[in-house]
Structure formats: structure tokens, C-alpha cells
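What follows is a short report on a single structure.
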């Protein structure tokens, strides 16, 4: 009798032990089981802790392509290797507001109607097409500056409000001409130089007066020194081989190239006088000014890193029909870090022509 009692007690203790171990193996979920619409989410994102076991489906993706409650089957292996499954309900919500890509300042002339939404882009995690509205009052027939707002709202009620400025200028200004590019950017030709969204543009379509410029700008040389120092830390020596050039210097260079190779060929690699970026004060050539520079460690480093210091690869490979010039791995232009980052485009370089919606073609 005593043996049977001991056996029963041992059995009960064993069952209790197994029960305790079973229950010590747990998977705990987060209190707020909310996931954002169309955001990449996995089961591990809804788990707060795993105790004495393993989450078997932690890398299984959760469908967040539509709003509402979703049922997720979670598989969990306990301390003893047993598999337990849980049904967990998550709620897919949209609390993200749309983002608006726009210009901070738009310029037009008195009496000239303008589409303030042209070129404005709205993006939202819902992937729905969202229109943008303009809020505020202005008088296109009255010179002045107007503070206006872009408003974008998605179907979940999330909204974004961004402030911008509309400048209405007198149409009687003798040295300024205003225009709008095909991408909706505002341009102005002032004293013979063209600026689009505040950026000086020099290409085959937009030239400079013969008296423009006197050397590299201070911001260009300061930014280059930072770039040069960063390259040195990576064991690379980058230096300016050809910087600012005057109008007269370009006359000599261009005429020599035409005499050697003919005008048609020269136009593919050398700018005509008055149309050279080197006259702008924002541009320089580095190291080896020839195709020998292509593929060198310095060229590759510059292509991958120059945007961090405000520079762009001005004539990327495969863009000759857009820029009007052959691929030049040695030619860089300062535009500031914000615009340079946009043009870097995660390594797939955009040109100024593509970004602003302009051409680069000689008129004669």
C-alpha cells in the first residue's frame, strides 16, 4: 500500500513538474497590437518576450496591405520541444500623414496666372492618389509676398499642412525675366544668368555673360576641402586639376578643340564660350581630366560620396542625350547638400536637366 502511495505521489510530482515547465515556456505579446498600413511587418514585431522556448514563425511576414483586424497564427516551441500555436489578432491602422514635395518659394509676375499645384507631389503609405489643395488668399494682380499653404489629406483623415511663399513681382523689371519649367519649377533670368529654384544653371541652353565670375566661390572651395579630407582618410588623394575659367580662357580652349577635331566633335566634350560651367565658380575637374580617370578608386569614391559634401557628378554615364556632353567622371558641380542628395538618387544619378525639367541644346 505504501509503495502504491509513493508511486502515486511520484507520478503527481512528475506531472506537476511537467506542468510547471510547460507553463514556464511562454511567449508574450505586446500590449498594443497595432501595425501601420503598408509597412513591412513580421511576427517578431508583435512579440515582447520569449521565455524558455523559441518563436518558430518570428520571420513570417504579416499582411498589412489593408486596414482592419487580422488574425495571425503564431507557432512556439516549448522547453520540451512541444509546439504550441496561438491565434493573435492585430489591427492594421493608418496614422501616417501624407508627405508633400514642393518648392518653398514660387515666383511669378503681376497679372500672369500660375498653377500653384504644378510640380507638387504627394506621397502616402496608403498608396492612394491624393490631390493637394492650396489654402490662403493672394492677388495675382498685386505685387507682394503671400504666405500660402499646401493641404493634403488621405482617406483615413490624416492630413499635412505645409507653408510656402508666393512672390508676385512687377512685370516692368528690365533685367529680370521669369519662367516656369516643365516640372513646375520657377526660373529667373537675371543680368544674363539663369537661376531655377535658386540654383544657377549653365548648359547648352542657358549661358552666362562674358563678364560673369572671378573664381571658385567660397562655399565651393570650403566644401571641397571637407571632401578632400574625407577622401584622404580613405587613403585617396583628390585634387582640383582645373577650376574656374574665364570667358576668354574658354574661347581659346574651345577654338583649339574645334581646330583639332571639328565643331561637331568638340561640342560633345567642350562647352562653347559663355556656356561653360567652369565660368560659374561652382565647378571643377579633378585629378586626371580624361577617360583614364574612369573606374579609378578616386572616381568610384567621388561617385559614391561627393553628394555628402554638396557636389554632383554633372555629366553621368549614359546621359549624353540629356546633358549634351559625354560622360565625364572627373567633372563636379557644387549645388549644396540638399539638392545633391536628391540628384544622387541612391546611386542612380539624375541630371539638373532631368530634375528641373529643362533641356540642354544650343540654339544655333
Discussion item. For the stretch 210-241, which positions are surrounded by 15 or more Cβ atoms within 10 Å (Cβ to Cβ) and not in a loop (DSSP other than H, G, I, E, B)?
Written reply: 220, 221, 223, 224, 227, 228, 230, 231, 240
Discussion item. Tell me whether the stretch 298-305 contains one or more residues that are surrounded by fewer than 21 Cβ atoms within 10 Å (Cβ to Cβ), in a loop (DSSP other than H, G, I, E, B) and touching a residue at least 60 places away in the same chain (Cβ under 8 Å).
Written reply: no
Practice prompt. Test residue 150 against the stated conditions and say whether it is modelled with pLDDT of 95 or more, closer than 27 Å to residue 352 by Cβ and loosely packed, with under 13 Cβ neighbours inside 10 Å.
Written response: no
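Of these, 318, 274, which one is over 15 Å from residue 353 (Cβ atoms) and not in a helix (DSSP H, G or I)? Spell out how you get there, then give the answer.
Numbers: 318 fails: over 15 Å from residue 353 (Cβ atoms).
Among 318, 274, only 274 is over 15 Å from residue 353 (Cβ atoms) and not in a helix (DSSP H, G or I).
Scan the stretch 153-176 for residues that are outside any loop (DSSP other than H, G, I, E, B) and over 17 Å from residue 113 (Cβ atoms) and jot them down.
Matches in the stretch 153-176: 153, 159, 160, 161, 162, 163, 164, 165, 176.
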Discussion item. Among the residues of the stretch 190-217, what is the count of those that are more than 27 Å from the chain's Cα centre (by Cα) and within 30 Å of residue 133 (Cα to Cα)?
Written reply: 0
Worksheet item: With respect to residue 182, is the statement that it is out of contact with any strand residue (DSSP E or B) (no Cβ under 7 Å at 6 or more places or on another chain), assigned by TED's automatic domain parsing to the domain that holds residue 105, assigned to a loop (DSSP other than H, G, I, E, B) and over 17 Å from residue 283 (Cβ atoms) true?
Response: no
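The values are calculated or read from the model by the stated rules, or taken from the named source; none is laboratory data. None of the values given here were measured: they were computed from a predicted structure. Note: ideal-geometry Cβ built from the backbone for every residue, glycine included; neighbour counts use all protein chains shown.
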